[in-house]
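As structure tokens, the structure follows; a few thoughts come after it.
The values are calculated or read from the model by the stated rules, or taken from the named source; none is laboratory data. Remember, predicted model here, so these are calculated numbers, not experimental data. For neighbour counting, all protein chains shown are included, and Cβ atoms are generated from backbone atoms with ideal geometry for every residue, glycine included.
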Amino acid sequence: MQLSLFKALQSIKIDDDKATEVVEALEGYVTMTVQEATKPILMKLDSIEESNKARFAALQWTIGILGFIIAAASLFSGLSRFFFH
């Protein structure tokens with residue numbers, strides 16, 4: 001788009017420096033507009049990421065506790081077979 005706009009400005013006899021300024025200004029405007037439009041989406045993604053971090057931490061604890069319970073049950077089962085068999 002930039003080259004097309006630059007060539008179009010040249011074709012209506014606007015000098016290169018002015019055409020470059022116009023293209024750069026339009027490029028800055030488009031960049032700013034896109035950033036403003038995507039800001040709410042990025043904020044939502046950040047909030048989802050934080051929520052997922054908290055859930056992942058809770059799952060780690062849950063899995064750790066379940067692993068401990070399974071290990072303790074296996075140990076108890078093994079010990080009871082050893083002593084009471």
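Things worth noting here:
- Hey, THR20 among the polar types (S, T, N, Q), modelled with pLDDT of 95 or more and surrounded by 10 or more Cβ atoms within 10 Å (Cβ to Cβ) or not: no
- Considering each residue of region 25-46 in turn, at least one proves to be polar (S, T, N, Q), within 16 Å of the chain's Cα centre (by Cα) and surrounded by 10 or more Cβ atoms within 10 Å (Cβ to Cβ).
- From the list THR62, THR38, THR31, the one residue that fits, being in a helix (DSSP H, G or I) and over 30 Å from LEU5 (Cα atoms), is THR62.
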